[in-house]
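Trainee: One structure follows; several queries about it will come next.
The values are calculated or read from the model by the stated rules, or taken from the named source; none is laboratory data. Being a predicted model, the structure only gives us computed values, none of them experimental. Here Cβ is always computed from backbone atoms with ideal geometry, including for glycine, and neighbour counts include all displayed protein chains. Side chains are part of the model used for accessible areas, which takes the heavy atoms of the whole protein and leaves out ligands, DNA and RNA. Shrake-Rupley method; radii C 1.70, N 1.55, O 1.52, S 1.80 Å.
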Amino acid sequence: MCNVGVDIAAASFELVTRKAGRHSPSKRFEQTPQGHRHAIAHLQRLAPERIVLEATGVYFLDLALALHQAGLPVCVINPR
């Protein structure tokens, strides 16, 4: 089972994977359509059970939509 956490910022985002009780080093991607495509390709290879990201301002929205459209199991959580 593989789970992914996403830390969202205005210009970039970072993915951290947890599999078999171990964390991967974070992997950074740009907040651009090309960065989203690279992240999606990376995530599709991992076949995660879930991808969790925080609803951070408006910065999460394009990535969340791109992940959903790619058929990936994305969850957007309330930061409160």
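Trainee: Being buried (at least 17 other Cβ atoms within 10 Å of the Cβ), of a type in the set (A, V, I, L, M), under 15 Å from VAL4 (Cα atoms) and touching a residue at least 40 places away in the same chain (Cβ under 8 Å) is the requirement here; does LEU63 meet it?
Mentor: Spelling it out, LEU63 is indeed buried (at least 17 other Cβ atoms within 10 Å of the Cβ), of a type in the set (A, V, I, L, M), under 15 Å from VAL4 (Cα atoms) and touching a residue at least 40 places away in the same chain (Cβ under 8 Å).
Trainee: Residue check, GLY5 against (1) touching a residue at least 24 places away in the same chain (Cβ under 8 Å); (2) in contact with a Leu (Cβ under 9 Å, 6 or more places away or on another chain); (3) exposed (fewer than 14 other Cβ atoms within 10 Å of the Cβ); (4) small (Gly, Ala, Ser), all met but one. Which one?
Mentor: (3)
Trainee: Any residue at all in region 15-24 that's open to solvent by less than 40 Å² (accessible area, probe 1.4 Å), in contact (Cβ under 8 Å) with a residue 12 or more places away in the chain, touching a Cys at 6+ places or on another chain (Cβ under 9 Å) and of a type in the set (Val, Ile, Thr)?
Mentor: Within region 15-24, one or more residues are open to solvent by less than 40 Å² (accessible area, probe 1.4 Å), in contact (Cβ under 8 Å) with a residue 12 or more places away in the chain, touching a Cys at 6+ places or on another chain (Cβ under 9 Å) and of a type in the set (Val, Ile, Thr).
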